[in-house]
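First comes the structure, then the notes that go with it.
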Amino acid sequence: MKYRPYLLRSLWVGGVLLLLFLVVLFVWLALSSLGDEGGAQAAKAITLALAICMGFDLVGMVVLLTLSELERTARHEPPDSE
């Protein structure tokens, strides 16, 4: 099975999540400094949800890279001649 398209898609998703995380983090900090507690709490919750999604994306990338490497090394190993 080819894992490259899934790895590329996971990298794109991670990049978009990181961009959204930074934007919402900035909004959270701005709302906190302006004194809007309700908006700051909502932005904080969204920031936490995005951080969790980035963690899942990172774990998925590690799994995909591991599967890709296992498949690559299995193809290039010579058969045991005993």
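The values are calculated or read from the model by the stated rules, or taken from the named source; none is laboratory data. The structure presented is a predicted model; accordingly, all values stated were derived computationally and were not measured. Neighbour counts run over all protein chains shown; Cβ positions are idealised from the backbone, glycine included.
Before moving on, here are some points about what is shown:
- Qualifying residue in the stretch 60-72 (condition: assigned to a helix (DSSP H, G or I) and either on the phi > 0 side of the Ramachandran plot or acidic (Asp, Glu) (or both)): yes
- Any hit, the stretch 73-82, residues being in a helix (DSSP H, G or I), modelled with pLDDT of 95 or more and surrounded by fewer than 13 Cβ atoms within 10 Å (Cβ to Cβ): no
- Residue within the stretch 37-50 that is over 30 Å from residue 3 (Cβ atoms), loosely packed, with under 11 Cβ neighbours inside 10 Å and among the polar types (S, T, N, Q) present: no
- Inside the stretch 16-59, residues that are of a type in the set (D, E, K, R) and outside any helix (DSSP H, G or I) make up a count of 1.
- Where a residue in the stretch 36-61 is over 17 Å from residue 13 (Cα atoms) and its partner, wherever it lies, is assigned to a helix (DSSP H, G or I) and small (Gly, Ala, Ser), with Cβ under 6 Å and at least six apart: 40/32
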